[in-house]
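Just so you know, all these numbers are worked out from the coordinates, no wet-lab data involved. As the structure is a prediction and not an experimental result, all values here were calculated from the model. As a convention, Cβ positions derive from the backbone with ideal geometry for all residues, glycine included, and neighbour counts pool all protein chains shown.
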Amino acid sequence: MLKVTVRNLLARKVRLLLSAFAIVLGIAFVAGSLVFTDTMGKSFDNIVYGTVSDVNVRFEDSGQAGLENEVNLDDRSLPASLVQTIADVDGVARVDANVEGMGLFVKKKDGTLLGGTGAPTLAFNWNDAPNADGDQIATISAGEVPRGPDEVAIDERSVENAGYELGDTVEMFTTGAEPQIEARLVGIVEFAGGGLAGATLVTFDTPRAQELFLDGQDAYSSVSVEADPGVSQTELADRVAEVLPDGTEAVTGDDLADETQSIINTVLGFLNTFLLVFAAIALVVGTFLIVNTFSILVAQRSRELALLRAMGASRGQVTRSVLTEAFAVGVLGSTLGLVLGYGLAGLLKALFGQFGLDLSGTALVFAPRTVIVSYAVGILVTMVAAWFPARRAAKVPPVAAMRDDVALPEGTIRKRLIVGMALAAAGAALMAAGLFGDVPRAPAWIGVGIFFVLMAVALTSPVTALPVIGLTGMLNRVLFGAVGRLATENARRNPRRTAATASALMIGLALVTTMSVLGSSVNRSIEAGVDEQFTTDFLVSNAIGQPFSTTVAEDVAAIPGVGEVSAEQNVAFGIDDRSVYGSAVDPAALERIFELNYTSGHAPESTDQIAFNETTAEQLGVGTGDRLELTFPGTELPVTVSGVYADTYVVGPSLVLRDVVEQVGLKRVDSYLAVNASPGADLDEVGDEITDAVAAIPTVTVQDKQEFSDAQRAQVNQLLYLIYALLGLAIVIAVLGIINTLSLSVIERTREVGLLRAVGLSRRQLRRMVRLESITIAVLGALLGIASGLLFGVSLRSAFSDEGITDLSIPWVQLAIFVVVAAVVGVLAAVVPAWRASRLNVLRAIATE
Amino acid sequence: MTTTTVAAQARDLVKIYGKNDAEVHALDGVTLDIHGGEFTAVMGPSGSGKSTLMHCMAALDAPSAGSVVIGDTELAALKDKELTRLRRDRVGFVFQAFNLVPTLTAEENILLPLSIAGRKPDEDWYRQVIEAVGLADRLKHRPNEMSGGQQQRVACARALVGRPSIVFADEPTGNLDSASGAEVLGFLRRSVDEFGQTIVMVTHDPVAASYTDRVVFLADGVVVDELRRPTAETVLERMTALQQRAMGAPQEG
Ligand SMILES: Nc1ncnc2c1ncn2[C@@H]1O[C@H](COP(=O)(O)OP(=O)(O)O)[C@@H](O)[C@H]1O
Ligand SMILES: [Mg+2]
């Protein structure tokens, strides 16, 4: 039997290669995701372990992962006297005090900002503190150490990207009292960990750093402590902890590294899951291709299989021979997939580098796990996909060898319909549970529900396809006469094959349609919300949501023609175990521009009051008059709920007074300024003047209503395009499926093709026939996919209406374009099969047995 | 036969398959005139080049040397596109089996060459053909719902419906039992008699050959004999004679 299998493999290499290609693409995506995230992990490992000291003294909670630390700018500092106290502890070899600054931006030589939307800029004071391994954390690799207020050292890659050279004057922007500073680039600074993952590293001398980030106090953000030989990290941490004031802690290097690591791993895990979801989609689509290819190959060989059975091969042997072929295809596909995946990871690495996450310091990591997972998944998927046709192959009765027309026994359509209905019901139930029920990991429920429904659509598609084929058939016939009729009949002759081929495209397009309905609804909702609530003339903000210096508000307010300015600072705090966003504002100024609709109570009037929007109040289960504790880094603030306001875009989910910021020890900055022109002022003119006023600070932009709405939608669209691009992989595999099915069908119908040519069908007409069949399949897939996608999109939208997708918008034009694109895809998929068909030698075709 | 027109002619037709040592001269200089309105049979032992001759004359294949003229069209001068059109409009072809497109009904199969060309059938002629073929009640059936004889008759009807100047049939009854074969042969005979159709048919069977006006004998790629107004007996006689000559040849030499 093995000999037969090997012969078959060799005889059908091209066809099997095509189906292996589906596995190649799917596995490439799996392997690529794993290699890439491993590489990222490795890169961060280097940074994490290269930059911790034996013992690190810092404020409590400054390491926690919550959004509090991302939004809030910690303004606490350790007094210089503490550094001396720590130095005197027994077992301390040396101490280095650090000043860390956030919110700094470097202006590139071309005037734009370095880093953009990518990795952050980290500002430090220069020191030569050693890490836990005894290596100096930061070194100057070229030039000199920065000294005095006018010197700075920056990492090499950033200097390169910004277009500077040693000796150049570098312009920078901060959120502090001096929003715009200049310094001469005197040195290139380098981290012991190697790469910086795209972050920009900026170092000043200590007094300058204190001036910029700690309002000039002789204080520090953290202290690095090196242990005497023989003193362990934990021992030293315990001793240091004894001399520390409340609110500060001593963390060992190992703990700090682990802590950072776990935060990074959470993010990487998310990225990995995100990428693997698309790999899974690709593999599901690929499964269809493989099922189809093997079904056709088995059908074409049914006579031969029957002969084997007649000669005494058992059913098991026949099944096994097909499965062995699948195994070989799986191994081949996985191997090629691994290789391609490695390349894909390299591509991803380069791509992320473009967006600022530079990993060039770390080589691609090829972990054994990647190899094992890739082979396991690739072989499993292929074998499972081939199992169905293999079983059917075994059912070929031996007597079929003697018959002329061998039809493979097929399960009845009725059975398919029943299974399909059951799957659809189960899928709908899962989706409903995920959407409306209170289940853990709701997205997984929804995902599996969608998967079930898609499988149901695929299973029942031989039936649902008929009306669609009927329709396209009518069109084909009217437009293309006999050729159209032949094409339609070809598509109809084996509904299962046509439907399975179309189903692959269906899945891809269903997901694309779902996303486009959601995306378009989100955009519509934003537009509606902005229209209704955005009552300000101008919005001054940072393009990536970074806060900016409060001096901007002062500058803007001073412009003649500017009436009202309401400044808003984003804050975040904990309530019980939840993280809550809020806006710190001056309610009076806010009210002059935006009308908040209080459903109960009123705006906060003192620093011990807070107001929530309705959704948040409901989630927290609080109402006006309730007492709460807000947890800020290092401190807690007891407050009373002063009121609840209707959900709105213009402020965050909660409101506190601006004075709260300083009271809890955060840095005062602004996140947004809402600006109204004074009555009678020329709007364009005022707009220009505000733009001029902030022109010097490229971190800040001015938007009017339309620009604001556009910017919001641009963000949604960006995500949408990314998802489209990733779903594109599934579509590519689906197209391969069409090519494969058509090629195999053409081979199967060789004699018929010859006959048609003999009775006068021209090559052109023959090509058109194949093309029309291809278009029929593609359009069928598109229509089924769009219909399912509409269903998913509309139900997801209504489930998320509470989460802000208030309006439903169905992008009909876009959907129509999908159908047209599908037809074009059909044309393209038919190119090779049609060419092959038209090249068939008429006589050889007729002679084919 | 009083007809003097020549419907098709082959001149010094040579067809060589393979190269060098493996060279096979399937046709080794065939010269043959097919007269209009005549039913011609081509006979010969297996491998004598009958099918190759049909294919070359019906513009399905190109000869290695020599010329084929259909009506007054020299095939060698035509490009693929023109050959396709010639096959579609001026030549009919019936194969031994698998003549029909399985997805189409009998009627659609019959009209296939016309609909490919985008032409309407001549209604009277179409009805005459259908009647002659005796399949009026089977027109909506698909090939797999018809017997082998019925399928071959459909194929013949298809070959005739476009009023081609010549029809080639390569063992059209080869796969049929004698009764079904007789149906098909009867139909072909009638189309010659009643419609003046020109038909060339390859056959093994002396009885089939007896339906024709003229039998051409082929051996080793050359025309070796010819017989007019054949009967099954005279054909058999000639065949035996030819066979003996072939077997006796080495002894004489
Ligand atoms: N495609 C081909 N390639 C090589 N040889 C061929 C091919 N077709 C036919 N032949 C050879 O040409 C000779 C004539 O074949 P054919 O015309 O089919 O004979 P017939 O129809 O009289 O049985 C035979 O020897 C056959 O083997
Ligand atoms: Mg033959």
Alpha carbon Rg of the stretch A:53-251, scaled by the compact-globule rule 2.2 N^0.38 Å
1.03
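Just tell me how shielded B:83-93 is by partners: mean number of partner chain Cβ atoms within 10 Å of each residue's Cβ, no decimals. Each step should come with its number before you reach the end.
Details: counts 3, 11, 2, 1, 7, 7, 1, 1, 3, 2, 5.
Counting Cβ atoms of other protein chains within 10 Å of each residue's Cβ and averaging gives 4.
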Fewest-first sequence of A:Lys349, A:Lys415 by Cβ atoms within 10 Å of each Cβ:
A:Lys415, A:Lys349
Which angle between 0 and 90 degrees, to the nearest 10, do you get for helix A:442-493 versus the longest principal axis of chain A when only C-alpha atoms count?
40 degrees
About its Cα centre, the stretch A:667-706 carries a charge dipole, from +1 on Lys and Arg Cβ atoms and -1 on Asp and Glu Cβ atoms, whose size in debye to the nearest 20 is 420 debye
May I ask you to derive the FRET efficiency for A:Asp90 and A:Ala142 from their Cβ-Cβ distance with R0 = 22 Å, giving the value to the nearest 0.05?
0.05
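At a 10 angstrom cut-off on C-beta neighbours, averaged per residue, how do the peptides A:433-442, A:576-585, B:77-86 rank from highest to lowest?
Those peptides, ordered most packed to least, come out A:576-585, B:77-86, A:433-442.
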How do A:681-687, A:764-770 rank on mean C-beta neighbours within 10 Å, highest first?
A:764-770, A:681-687
Give me the aspartates and glutamates in straight-line cross-link reach of B:Lys140: C-alpha distance below 16 Å, same-chain residues under 8 apart excluded.
A:Glu489, B:Glu107, B:Glu108, B:Glu131
Given contacts defined as C-alpha pairs under 8 Å and at least six residues apart, what's the relative contact order of the stretch A:53-251, whole-number percent?
36 percent
Too long at a 30 Å Cα-Cα cut-off: which of B:Lys50/B:Lys81; B:Lys15/B:Lys120; A:Lys107/A:Lys349; A:Lys108/A:Lys349; B:Lys15/B:Lys81; A:Lys13/B:Lys19?
B:Lys15/B:Lys120
Positive end of the dipole of the stretch A:436-547, charges at C-beta (+1 Lys, Arg; -1 Asp, Glu), about the Cα centre: which of A:Asn494, A:Ser541, A:Ala504 has its Cα farthest in that direction?
A:Asn494
Between 0 and 90 degrees, rounded to the nearest ten: what's the tilt of helix B:148-161 against the longest Cα principal axis of chain B?
80 degrees
Global size of the stretch B:6-248 as Cα Rg and Dmax, reported in angstrom:
17.7, 56
Each residue of B:111-123 has, on average, a number of other protein chain C-beta atoms within 10 Å of its C-beta equal to 4
For the stretch A:538-703, with only Lys/Arg (+1) and Asp/Glu (-1) charged at the beta-carbon, what is the dipole magnitude about the Cα centre, in debye rounded to 20?
400 debye
Please report the relative contact order for chain A, taking Cα pairs under 8 Å with a sequence separation of at least 6, and give it as a percent rounded to a whole number.
17 percent
Charge tally for neighbours of A:Thr370 with beta carbon under 14 Å away, counting Lys, Arg as +1 and Asp, Glu as -1, is +1
In nanometres, what is the gap between the two model label sites at A:Thr635 and B:Asp80, each 7 Å from Cα along Cα-to-Cβ?
8.5 nm
Size-normalised alpha-carbon gyration radius of the protein assembly as shown, reference 2.2 N^0.38 Å:
1.31
From fewest to most C-beta neighbours within 10 Å, the residues B:Lys15, A:Lys13, A:Lys42 line up as A:Lys13, A:Lys42, B:Lys15
Give me the dipole magnitude in Debye, nearest 20, for the protein assembly as shown about the Cα centre, with unit charges on the beta carbon: positive for Lys and Arg, negative for Asp and Glu.
11260 debye
What residue among A:Leu332, A:Ser295, A:Leu359 has its Cα farthest toward the positive end of the dipole of the protein assembly as shown, where the charges are +1 on Lys, Arg and -1 on Asp, Glu, each on the Cβ?
A:Ser295
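Can you tell me, using C-alpha contacts under 8 Å and at least 6 residues apart, the relative contact order of the stretch A:536-639 as a whole percent?
It comes to 20 percent, rounded to a whole number.
Can you give the FRET efficiency to the nearest 0.05 for A:Asp659 and A:Arg627, using r as the Cβ-Cβ distance and R₀ = 25 Å?
Once the sixth-power term is evaluated, E becomes 0.80.
What is the calculated FRET efficiency for B:Asp12 to B:Glu237, with r their C-beta to C-beta distance and R₀ = 30 Å, to the nearest 0.05?
Efficiency computed from Cβ-Cβ geometry: 0.55.
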Mark the label point 7 Å from the Cα of A:Asp576 along Cα→Cβ and return the residues of the stretch A:620-655 whose backbone N is within less than 13 Å of it.
A:620-623, A:628-629
What order do you get for A:Ser19, A:Ser520 when you list them from fewest to most C-beta neighbours inside 10 Å?
A:Ser520, A:Ser19
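When Cβ neighbours within 10 Å are restricted to other protein chains, what is their mean count per residue of peptide A:372-383? Could the numbers behind the result be given before it?
Numbers: counts 0, 0, 0, 0, 0, 0, 0, 0, 0, 0, 0, 0.
Across the residues of A:372-383, the mean count of other-chain Cβ atoms within 10 Å is 0.
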